[in-house]
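The values are calculated or read from the model by the stated rules, or taken from the named source; none is laboratory data. Because the structure is predicted, anything quoted here is derived from the model rather than measured. As a convention, Cβ positions derive from the backbone with ideal geometry for all residues, glycine included, and neighbour counts pool all protein chains shown. Protein only, heavy atoms only, side chains kept; ligands, DNA and RNA dropped before computing areas. Shrake-Rupley method; radii C 1.70, N 1.55, O 1.52, S 1.80 Å.
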Amino acid sequence: MTKLSRIDAGQPVLLRPEAGDFPADKWALLDALTQAAENFGLTHRSLNVLRALLSFFPDRDLPRTAGAGVVYPSNRVLSDRLNGMPESTLRRHLSTLVKSGLVARHDSANRKRFARFGGVAFGFDLSPLARSAAEVFDAAEEAVQRRAQISALRARIAAARQRLLDDGLPSDDPLIEDARLSLRRKLSTDCLETLANAVEGRLTIDAPAKEMSATPHQNERHIQDTDKSISVSKNAPVKVSQPSEAPALSDVLDSCHEYQALFPTPAPDWPALHTVASRLHGMMGIDQQVYVDAKRRMGAERATTAVLCILEMLGSVKSPGAYLRALSARAESGLFNMQGMLKAAKTAKLSADNFV
């Protein structure tokens, strides 16, 4: 019990014998083969047949001497022990075990399996499995490490892909779509490593610029508008607003009109606009926690303005919640261009009301 309590949770335990401990434990070898079945061309059904063969050997330790580990059950007896496996299927998997080199076949003249006094036995010899113990355990350890590496790479790809989506990258971007499809396939570690580096390479790392004549924020990312969509642009000189700077109420009322289709009563002051935004964000698919976090990181006035502007540009913003999270992160870093967003909202053409 003390030994088991020291095993790392969730880690497979391979009972590998030391060099001088052969013959090997047959069940430990079977467990190792389960991990490394692909290396030996075995399937789970082949392993079930091998388990049945091992169950006919009386000792737990397999001998290494050729011919010392012969078992001789008939196909019918094996089939019964395998819960009625058809004999045609059984013969196919027995042939697979023999081809793998882990089991040797010693046939009598009439291909019957039996034993005689004096040490003569005809059947399946399990001693090759004991002689291959070192190879089996090495392959099992390699397989466990390979699967752990693949799991780690898949986790990196999934995390980087989600961060890109949260930063506003469209879901139909070729790299995003390639990452999504790759997570549903069985790929090699080399392919996954290449994809992980490509996806993580798209993540923007904010770092101070070198030898700049102005503040480094002038060359960082900002939200700008185009005729078709809202995109993230690099190296565009813009004046960003400070975290505590609130937009002018008159600018917000002049740029945002779409909310009036849902709330006809005019909102001439900030408290009224706050009420509108608190009721509006749920209709737009923005979670309550995202909106609360935006108010904390951006300030109430700027969070309200962001919600109203997103409504104006809703036709070109695929995920309002992810978009607001990205704006909150930029605002917290002092990189949010509030005036640029108001201008984009003012020129957005969602409905005829924008021209009133």
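Observations on the model:
- At least 3 residues being without any contact (Cβ under 8 Å) to a residue 12 or more places away in the chain and more than 23 Å from Q162 (Cβ to Cβ) is the threshold, and among the helices (runs of 4 or more DSSP H) wholly inside the stretch 261-353 those reaching it are 270-283.
- P320 fulfils the conditions (1) at pLDDT 85 or above; (2) in contact with a Leu (Cβ under 9 Å, 6 or more places away or on another chain); (3) open to solvent by 40 Å² or more (accessible area, probe 1.4 Å); (4) not hydrophobic (A, V, I, L, M, F, W, C) except for a single criterion, (3).
- Considering A277, A272, A303, the condition of being surrounded by fewer than 17 Cβ atoms within 10 Å (Cβ to Cβ) and at pLDDT 85 or above is satisfied by A272 alone.
- Filtered residue count, the stretch 89-112, keeping only those that are basic (K, R) and either at pLDDT 90 or above or under 50 Å from the mean Cα position of the chain (by Cα) (or both): 4
- Condition check for L29: under 15 Å from G123 (Cα atoms), touching a residue at least 60 places away in the same chain (Cβ under 8 Å), assigned to a helix (DSSP H, G or I) and open to solvent by less than 60 Å² (accessible area, probe 1.4 Å): no
- Residues that are surrounded by fewer than 17 Cβ atoms within 10 Å (Cβ to Cβ) and closer than 24 Å to A248 by Cβ within the stretch 285-298 comprise just one, R296.
- Residue identified as under 30 Å from G201 (Cα atoms) and of a type in the set (A, V, I, L, M, F, W, C) among A104, A152, A109, A68: A152
- Flag for S319 being over 23 Å from D173 (Cα atoms) and among the small types (G, A, S): no
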